[in-house]
């Protein structure tokens with residue numbers, strides 16, 4: 001966050017970092033309090049259509065700004081490992097899923113075999129957030145614009161298209177499945193369609209349409225299913241005992257099956 005402070009990416013000011021575990025039991029940092037709004041329902045039911053549209057436009061512009069930052073220019077050249085990002089991520093989440101599997105899930109097994117075979121060409125690495133979604137953003141109290149991006153725990157140097165696809169995945173899942181947007185009336189709500197949202201990102205970043213877009217969506221759904229399966233495992237073991245954790249864990253199977261259905265539509 002400190003490295004991004006003087007870029008077009010809105011981040012809270014960071015005051016101090018403490019890496020001495022003896023103070024509170026873990027590393028911690030102190031950052032600026034942002035007096036704004038956080039939204040959990042991306043349909044934004046409390047807002048008028050014009051404001052919804054402006055908020056989605058701001059959200060799009062911010063992630064495009066992040067992916068336009070040169071990591072070397074802001075001192076983050078060593079922030080992540082260079083090269084083979086997608087192969088390493090697929091391997092990582094495959095192992096995470098297998099370590100937390102609680103029952104057979106043929107769709108996930110098939111994806112673990114399919115994804116490495118369909119790797120797209122390597123993208124120029126950029127700073128990626130890793131979990132860019134609406135509820136990790138703070139919006140201005142009265143204006144439809146992002147004033148802060150939070151929760152950078154998964155950030156690294158990686159593939160910006162994978163980062164963007166994990167964000168856009170929300171258009172492919174229903175509100176009931178994972179606070180998604182699939183099936184909503186975009187025109188009446190004033191929310192851009194997935195196609196319009198992706199086109200806006202391409203315009204912001206100066207790139208052409210993305211030929212392997214659906215691969216990145218498959219990967220994003222697979223990653224989400226692996227994360228949910230980890231939550232399911234912790235819920236069973238009692239280390240994530242909330243009702244919300246148990247419910248999220250139960251969603252791993254349908255998310256994985258949705259990913260595999262999309263993968264099959266792309267061919268072997």
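Which members of the stretch 183-199 meet the condition of being within 17 Å of residue 164 (Cα to Cα) and surrounded by fewer than 17 Cβ atoms within 10 Å (Cβ to Cβ)?
If the condition is that a residue be within 17 Å of residue 164 (Cα to Cα) and surrounded by fewer than 17 Cβ atoms within 10 Å (Cβ to Cβ), then 193, 195, 196, 199 are the ones that fit.
Looking at (1) assigned to a loop (DSSP other than H, G, I, E, B); (2) in contact (Cβ under 8 Å) with a residue 24 or more places away in the chain; (3) surrounded by 13 or more Cβ atoms within 10 Å (Cβ to Cβ), which is the only condition residue 61 fails?
So the condition that residue 61 fails would be (1).
Just one of (1) more than 30 Å from residue 237 (Cβ to Cβ); (2) surrounded by fewer than 17 Cβ atoms within 10 Å (Cβ to Cβ) trips up residue 29, so point out which.
Result: residue 29 passes all but (1).
Return the total of residues in the stretch 145-169 being out of contact with any strand residue (DSSP E or B) (no Cβ under 8 Å at 6 or more places or on another chain), surrounded by fewer than 20 Cβ atoms within 10 Å (Cβ to Cβ) and under 18 Å from residue 56 (Cα atoms).
0
Kindly evaluate residue 97 against the criterion of being outside any helix (DSSP H, G or I) and either in contact (Cβ under 8 Å) with a residue 60 or more places away in the chain or touching a strand residue (DSSP E or B) at 6+ places or on another chain (Cβ under 8 Å) (or both). Walk me through how you get there before you give the answer.
On the way: outside any helix (DSSP H, G or I): no; either in contact (Cβ under 8 Å) with a residue 60 or more places away in the chain or touching a strand residue (DSSP E or B) at 6+ places or on another chain (Cβ under 8 Å) (or both): yes.
No, not satisfied.
Restricting to the stretch 9-20, and then to whatever is under 29 Å from the mean Cα position of the chain (by Cα) and farther than 30 Å from residue 59 by Cα, can you tell me which residue is surrounded by the fewest Cβ atoms within 10 Å (Cβ to Cβ)? Full working, then the answer.
Within the stretch 9-20, the subset under 29 Å from the mean Cα position of the chain (by Cα) is 9-19.
Next, from what is left, pick out any that are farther than 30 Å from residue 59 by Cα: 18-19.
Details: 18: 13, 19: 9.
Among those residues, the one meeting the criterion is 19.
Please list, ordered by first then second residue, the pairs with beta carbon atoms under 8 Å, 6 or more apart or interchain, first in the stretch 28-41 and farther than 11 Å from residue 148 by Cα, second part of a loop (DSSP other than H, G, I, E, B) and at pLDDT 95 or above.
These pairs meet every condition: 31/1; 31/12; 31/13.
If you check residue 151 against the conditions, is it without any contact (Cβ under 8 Å) to a residue 24 or more places away in the chain and at positive phi?
yes
Can you tell me which residue among 127, 90, 112 is part of a strand (DSSP E or B) and touching a residue at least 12 places away in the same chain (Cβ under 8 Å)? Break it down stepwise before answering.
On the way: 90 fails: part of a strand (DSSP E or B); 112 fails: part of a strand (DSSP E or B).
Just one listed residue meets the conditions, 127.
Determine whether the stretch 42-50 contains at least one residue that is over 30 Å from residue 176 (Cα atoms) and either touching a strand residue (DSSP E or B) at 6+ places or on another chain (Cβ under 9 Å) or in contact (Cβ under 8 Å) with a residue 60 or more places away in the chain (or both). Break it down stepwise before answering.
As a first pass, look at the stretch 42-50 and keep what is over 30 Å from residue 176 (Cα atoms): none.
Within the stretch 42-50 (the criterion being over 30 Å from residue 176 (Cα atoms) and either touching a strand residue (DSSP E or B) at 6+ places or on another chain (Cβ under 9 Å) or in contact (Cβ under 8 Å) with a residue 60 or more places away in the chain (or both)), the answer is no, since none of the residues qualifies.
Give the stretch 115-124 a look and list any residue that's out of contact with any strand residue (DSSP E or B) (no Cβ under 9 Å at 6 or more places or on another chain) and in a loop (DSSP other than H, G, I, E, B), or say none. Please lay out each step first, then the result.
Within the stretch 115-124, the first condition is being out of contact with any strand residue (DSSP E or B) (no Cβ under 9 Å at 6 or more places or on another chain), and the residues that meet it are 115-122, 124.
Matches in the stretch 115-124: 119, 120, 121, 122, 124.
The values are calculated or read from the model by the stated rules, or taken from the named source; none is laboratory data. The model shown is predicted, which means the values in this text are computed figures rather than measured ones. Don't worry about glycine lacking a Cβ; one is built from the backbone with ideal geometry, like all the others, and counts go over all protein chains shown.
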